[in-house]
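Enquirer: Before anything else, here's the structure in question.
The values are calculated or read from the model by the stated rules, or taken from the named source; none is laboratory data. Computed from a predicted structure; not experimentally measured. Cβ sites come from the backbone with ideal geometry, for glycine too, and all protein chains shown count toward neighbours.
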């Protein structure tokens with residue numbers, strides 16, 4: 001609790017309401033109630049063995065225009081068709097390389113992911129939220145001719161709406177919330193059980209997911225009070241990342257794993 005109080009004091013800014021502080025993220029300021037006793041035992045600053053699912057709809061490599069050199073198109077149609085086939089059914093190495101290259105896109109708040117999804121899946125090209133301009137690669141902005149809204153006054157998110165602005169993680173447990181899973185094989189089995197038996201439509205994730213640690217005070221973590229699922233037991237965690245901390249500080253600690261139905 002003392003560490004949290006120090007975090008509120010040194011990493012957040014004062015609020016007009018003495019019960020609140022303002023946590024500055026990359027995209028807005030979020031009200032945090034420091035007097036909310038119901039949340040005291042649910043909050044922490046560091047956590048290990050977290051699972052992060054990839055949102056396949058922010059895979060801009062898949063939704064970008066395919067690039068085939070003019071020389072191939074003019075001189076070797078077979079090679080051109082082969083290149084297109086590889087784009088349609090990429091190898092595991094290509095997928096992994098693409099994920100590593102765009103890793104920052106898979107560690108964004110879900111509502112920002114939704115704004116990227118509007119581009120990749122909804123064909124939105126104009127009046128795009130200016131806050132994601134710095135997230136997308138310049139070549140992707142250029143080739144799709146994306147046009148952004150003008151910058152607006154920074155938004156302050158009310159405390160009750162904070163969950164909609166967080167980066168989501170999950171943590172698996174054994175028989176109770178006091179027995180966390182720390183073995184990667186055990187986590188692997190439980191994650192695959194969720195994907196293949198419990199929520200196959202929910203866990204898309206491009207056939208991959210991340211496991212890793214948040215071992216630096218990059219922001220505030222808050223666990224949901226109730227389990228996300230009871231068998232296997234796992235909880236959902238929100239993370240509000242401080243703007244002053246690099247996103248790479250988070251994702252560099254996470255390793256990519258493939259879903260494997262055979263581990264069940």
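Residue by residue, here is whether (1) part of a loop (DSSP other than H, G, I, E, B); (2) touching a strand residue (DSSP E or B) at 6+ places or on another chain (Cβ under 8 Å) holds:
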| residue | (1), (2) |
| --- | --- |
| 171 | no, yes |
| 178 | yes, no |
| 187 | no, yes |
| 192 | no, no |
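Enquirer: Now for a different question. Take region 1-26 and flag every residue that is closer than 28 Å to residue 173 by Cα and crowded, with 18+ Cβ neighbours inside 10 Å.
Expert: Step one: filter region 1-26 for residues closer than 28 Å to residue 173 by Cα, giving 1-5, 7.
If the condition is that a residue be closer than 28 Å to residue 173 by Cα and crowded, with 18+ Cβ neighbours inside 10 Å, then 7 is the only one that fits.
Enquirer: Quick one: count up the residues across region 32-45 that are touching a helix residue (DSSP H, G or I) at 6+ places or on another chain (Cβ under 9 Å) and either modelled with pLDDT of 95 or more or buried (at least 17 other Cβ atoms within 10 Å of the Cβ) (or both).
Expert: The qualifying residues number 7.
Enquirer: Shifting gears a bit: Here is a check on your reading of the model: is residue 216 surrounded by 11 or more Cβ atoms within 10 Å (Cβ to Cβ), assigned by TED's automatic domain parsing to the domain that holds residue 46 and part of a loop (DSSP other than H, G, I, E, B)?
Expert: For residue 216, the condition - surrounded by 11 or more Cβ atoms within 10 Å (Cβ to Cβ), assigned by TED's automatic domain parsing to the domain that holds residue 46 and part of a loop (DSSP other than H, G, I, E, B) - is met.
Enquirer: Could you figure out which of (1) surrounded by fewer than 17 Cβ atoms within 10 Å (Cβ to Cβ); (2) modelled with pLDDT of 95 or more; (3) assigned by TED's automatic domain parsing to the domain that holds residue 226; (4) more than 26 Å from residue 206 (Cα to Cα) isn't true of residue 29?
Expert: Only one criterion is unmet by residue 29, namely (1).
Enquirer: Specify the residue that is surrounded by the fewest Cβ atoms within 10 Å (Cβ to Cβ); the eligible residues are those in region 115-135 that are under 14 Å from residue 57 (Cα atoms) and touching a strand residue (DSSP E or B) at 6+ places or on another chain (Cβ under 9 Å). Spell out the reasoning first.
Expert: Step one: list which residues in region 115-135 are under 14 Å from residue 57 (Cα atoms), which gives 115-124.
Cutting the leftovers down to touching a strand residue (DSSP E or B) at 6+ places or on another chain (Cβ under 9 Å) gives us 115, 118-119.
Working: 115: 19, 118: 16, 119: 21.
Among residues in region 115-135 that are under 14 Å from residue 57 (Cα atoms) and touching a strand residue (DSSP E or B) at 6+ places or on another chain (Cβ under 9 Å), the one surrounded by the fewest Cβ atoms within 10 Å (Cβ to Cβ) is 118.
Enquirer: Also: So is residue 63 exposed (fewer than 15 other Cβ atoms within 10 Å of the Cβ) and either at pLDDT below 90 or in the same structural domain as residue 226 (by TED's automatic domain parsing) (or both) or not?
Expert: Taking the combined requirement at face value, the residue does not satisfy it.
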